[in-house]
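Here the structure comes first, spelled out in C-alpha cells, and everything after it is commentary.
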Amino acid sequence: MIQRADPDTCCELFAESYEISNLPEMREVERDVLGCDYGGTSWTTKAQAERIVDALDLGPAARLLDVGAGSGWPALYVAERCGCEVTLVDLPLSALTMAQRRARRDGIDSRVNIVAGRGDALPFVDASFAAISHSDVLCCLPAKSAMLGECRRVAVAGSDMHFSVISVAPRLSAAGRRRAVDVGPPFVDSPQPYREMLAGSGWRPVERRDVTGEYRQSLGLLLRGLSRSRALRDALGKEAVTEALRHRQDQVEAIDAGLLVREVFLATAV
C-alpha cells in the first residue's frame with residue numbers, strides 16, 4: 001500500500017502523478033473538478049483559493065511561502081490574484097518545472113521564486129516570510145510536526161499560516177481507522193489532532209473549517225470525468241483508468257461512512 005511507502009518512494013509517485021496531470025485530457029478533467037488547469041494534486045477549488053487571499057490578507061506587498069507547491073496550484077493563482085510575491089518549495093523537479101512554465105505564461109514569473117526543498121527541512125533563514133500556505137501536504141508527509149515547526153521557524157512572529165489537510169476522522173473503531181488509512185493519502189494517519197500539533201509547534205490555532213462536503217463533491221466530479229473520458233483511457237490505458245476509478249470510489253465510500261475528513265486551518269505564529 002502507498003500508505004506504508006517511505007517518503008522517497010512517495011516523492012517518486014507524486015512525480016509520476018504530475019506527469020499524468022500534465023496531459024491535456026487530465027487538464028480538461030481538472031477544470032471540471034477544481035475550476036483550474038494547473039496540473040495540481042491538491043483538492044483546493046478555485047473558490048477555496050480565493051479564501052486563501054482573504055484569510056492571509058494578501059496584497060502586492062506580501063511575501064507568501066507555499067510549501068509542497070508542486071506545479072503551482074493554488075499558489076500561482078493566489079499570486080496572480082493579489083499581486084503578491086510567492087516562493088514555491090517542493091521536491092519533484094518535474095512539478096516545479098511545470099510551475100515555472102505556468103508562471104512565465106501568466107506573466108508573473110518576476111514575482112515567483114522556485115526552490116527545491118523538503119517541507120520538514122526548509123532551505124530558508126529564520127523569520128523570512130509573513131504569510132505561509134500549504135494545500136493537502138501534511139497528509140502526504142510523515143514528518144508532520146517537523147514541517148509545522150519548520151514553517152514556524154521561517155515565519156515572522158505574528159504572521160499567519162493557512163493550510164488544508166485530509167485526516168482520519170476522530171473516534172473511529174480500529175477497523176474504521178484501518179480502512180481510512182488504507183484508502184486515504186499516503187500518510188493520512190496523524191499521531192495527534194492538528195490543533196494540538198499546531199500548538200506544540202509554536203502556532204496558535206485561529207480557525208478550523210470542515211470542507212469535507214466540498215472534497216466529496218470534487219471526488220464525485222473526478223469520478224464522472226474519469227469514467228466519461230475516452231481520450232484519457234486512450235492516453236493512460238483502460239487498466240490504469242479502471243484502477244484510478246476504483247481508488248477514488250473507495251475514498252468516496254470512506255467519506256460517506258464518516259471515515260475521512262478534509263479540514264482548513266488558519267493559525268498565527270506566536
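The values are calculated or read from the model by the stated rules, or taken from the named source; none is laboratory data. Here the structure is a predicted model, which is why all the values come from computation and not from measurement. Cβ sites come from the backbone with ideal geometry, for glycine too, and all protein chains shown count toward neighbours. What goes into the accessible areas is simple: the full protein's heavy atoms, side chains included, and nothing from ligands, DNA or RNA. Shrake-Rupley method; radii C 1.70, N 1.55, O 1.52, S 1.80 Å.
Quick one, what does Rg over Rh come out to for the stretch 130-270 if you take C-alpha atoms and the Kirkwood Rh?
Working: Rg = 17.1 Å, Rh = 16.4 Å.
Reported Rg/Rh (Cα atoms, Kirkwood Rh): 1.04.
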Kirkwood hydrodynamic radius of the chain from all distinct Cα pairs, in Å? 18.7
Rounded to 0.05, the calculated FRET efficiency for the beta carbons of R224 and D57 at R₀ = 41 Å is 0.70
Take the alpha carbon atoms of the stretch 47-115, find their center, do the same for the stretch 20-46, and report the distance between the two centers in whole angstrom. 16
Towards the positive end of the charge dipole of the chain, with charges on Cβ (+1 Lys, Arg; -1 Asp, Glu), say which of G184, L65, I132 has the farthest Cα. G184
With all protein chains present, how much of the accessible area of the stretch 191-270 (probe radius 1.4 Å) comes from carbon and sulfur, to the nearest whole percent? 48
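Please give the contour-minus-distance gain from V156 to E253: 0.36 nm per residue of separation, less the Cα-Cα distance, rounded to one decimal in nm.
Values: separation 97, 0.36 × 97 = 34.92 nm, distance 4.11 nm.
Gain in length upon complete extension: 30.8 nm.
For the chain, what relative contact order do you get, as a whole percent, if you take Cα pairs closer than 8 Å and at least 6 residues apart? Don't jump to the answer; show the numbers that get you there.
On the way: 496 pairs, mean separation 53.9, N = 270.
That works out to 20 percent.
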Quick one: work out Rg over Rh on the C-alpha atoms of the stretch 187-250, Rh as Kirkwood radius. 1.21
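Determine by what factor the alpha-carbon radius of gyration of the stretch 223-268 differs from 2.2 N^0.38 Å, reporting the quotient.
On the way: Rg = 14.8 Å, N = 46, 2.2 N^0.38 = 9.4 Å.
It is 1.57.
Across all directions of projection, what mean area in square nanometres is found for the Cα convex hull of the stretch 99-202?
Details: hull surface 31.6 nm².
With the hull built on Cα positions only, its mean projection is 7.9 nm².
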Computed helical MRE - 222 nm, the chain, DSSP H runs ≥ 4 contributing -39500 (n - 2.57), nearest 500: -14500 deg cm²/dmol
Per-residue ³J(HN,Hα) for the stretch 115-130, Karplus 6.51 cos²θ - 1.76 cosθ + 1.60, θ = phi - 60°, Hz, x for Gly and Pro: 10, 7, x, 8, x, 8, 8, 5, x, 9, 6, 4, 6, 9, 10, 9
Relative contact order for the stretch 154-270, counting Cα pairs under 8 Å that sit 6 or more residues apart, in percent: 53
Going out from 0 in 10 Å bins, what whole percent of all Cα-Cα distances in the stretch 124-173 drops into each bin? 24, 46, 23, 7, 1
Considering the options S167, A121, C82, tell which one lies farthest towards the positive end of the dipole of the chain, charges being +1 on Lys and Arg and -1 on Asp and Glu at the Cβ, about the Cα centre. S167
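At 1.4 Å probe radius, can you tell me the per residue accessible area of the chain in Å²? Spell out each step's value before the answer.
On the way: 11930 Å² over 270 residues.
Solvent-accessible surface per residue comes out at 44 Å².
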Determine the relative contact order of the stretch 57-109: mean sequence separation of Cα pairs under 8 Å and six or more apart, normalised by residue count, in whole percent. 40
Residues of the stretch 56-78 with backbone nitrogen within less than 13 Å of a virtual label 7 Å along the Cα-to-Cβ line of S128, please, listed as ranges. 64-68
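How much of the accessible area of the stretch 24-141, probe 1.4 Å, is carbon plus sulfur, in whole percent?
Carbon and sulfur atoms account for 48 percent of the accessible area of the stretch 24-141.
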